[in-house]
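Structure record follows, encoded as structure tokens.
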Amino acid sequence: MHLRQASQVRLLFASLTDDAIAAFTGGAELGSGAITLTAPEIAENGNTVPIGVDVPGATQITLFADGNPVPNVATFNFGPISASRSASTRIRLAATQNVVAVAKMEDGSFQMAKAKVKVTIGGCGG
Amino acid sequence: MESGQRKDDDGNIIPRSIINRFTADFKGQNVIDVTLEPAISTNPFFAFEAVVPESGEFTFTWYDDDGDVYDTSKKITVS
């Protein structure tokens, strides 16, 4: 792909992610500090990248991948007998990109954390 | 599982059929409710923690795009 096209595509994906985050937060301001986002620095296989999030005091955590065709990855809603506001899963990443976690806190505020993951083999087939 | 990208022999798109929601409950109380998008890996893996106040049964439920609901349960004893 031509370099300029590639950067345009990346811009498009980035704004998709911003839109998706805004849809989740309703445009509220994003704090940081309370989130621990665990992601590998380098993922050899983009089909299965282990991701963990831990946000004490969160009611809801959403994961986004800003370089995927569809940025939304998963939303965790914690119920009344959840012991810790943490979860881990495995996700697909199409290419090297940022994984973004946005958490809704008990007081209604939002927190965000980002982690860059280098992907050796993308997770979108091919 | 069906990706929603394939076509049948007549050229019609085969509707998507993947798991879009997973919930874990203990005696009717919710532990976690996860919305899954296609970016979740094949053979999904989730780790989370629950408070178990007494012996009882966990219920795990998976919801498919095609309307199917799968569930399984597991007893736990607090000694």
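The values are calculated or read from the model by the stated rules, or taken from the named source; none is laboratory data. Predicted model only: the values in this text are computed from it and were never measured. Heads up, the Cβs are rebuilt from the backbone with ideal geometry, glycines too, and the neighbour counts pull from every protein chain shown. Keep in mind that these areas ignore ligands, DNA and RNA; they rest on the heavy atoms of the full protein, side chains included. Shrake-Rupley method; radii C 1.70, N 1.55, O 1.52, S 1.80 Å.
Let me have the 222 nm mean residue ellipticity of the protein assembly as shown computed from DSSP H runs of 4+ only, each contributing -39500 (n - 2.57), with the sum over all residues rounded to the nearest 500.
Mean residue ellipticity, 222 nm, calculated: -4000 deg cm²/dmol.
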- prompt: Could you give me the ³J(HN,Hα) list for the range A:79-94, computed from phi with Karplus coefficients 6.51, -1.76, 1.60 and θ = phi - 60°, whole Hz, x at Gly and Pro?
  reply: x, x, 10, 6, 7, 9, 8, 9, 7, 9, 7, 10, 10, 9, 10, 6
Contact surface B-A: accessible area buried, both sides summed, square angstrom, 1.4 angstrom probe: 2000
- line: For A:Thr36 and B:Asp68, extending 7 Å from Cα along the Cα-Cβ vector and measuring point to point gives, in nm, a value of 3.8
message: List the residues, sorted by chain then number, that are 5 or more residues from A:Val119 or on another chain and whose placed amide H is less than 5 Å from its amide H.
response: A:Ala43, A:Thr96, A:Gln97
- prompt: Roughly speaking, what is the centre-to-centre gap between the range B:6-79 and the range A:48-126 when only Cα atoms are used, to the nearest Å?
  reply: 17
- prompt: Which aspartates and glutamates have a Cα less than 18 Å from the Cα of B:Lys27, not counting those fewer than 8 places away in the same chain?
  reply: B:Glu49, B:Glu54, B:Glu57, B:Asp71
query: Normalised by the residues of chain B, what does the relative contact order come to in percent, with Cα pairs under 8 Å and at least six apart?
result: 28
Alpha-carbon spread of chain A, three principal axes, descending order, Å: 48, 29, 21
message: Could you derive backbone 3J(HN,Hα) for the range B:16-21 from the dihedral phi with the Karplus parameters 6.51, -1.76 and 1.60 (θ = phi - 60°), listing whole Hz in sequence and x where the residue is Gly or Pro?
response: 5, 9, 9, 6, 10, 8
message: If you count only protein heavy atoms with a 1.4 Å probe, what accessible area per residue comes out for the protein assembly as shown, rounded to a whole Å²?
response: 56
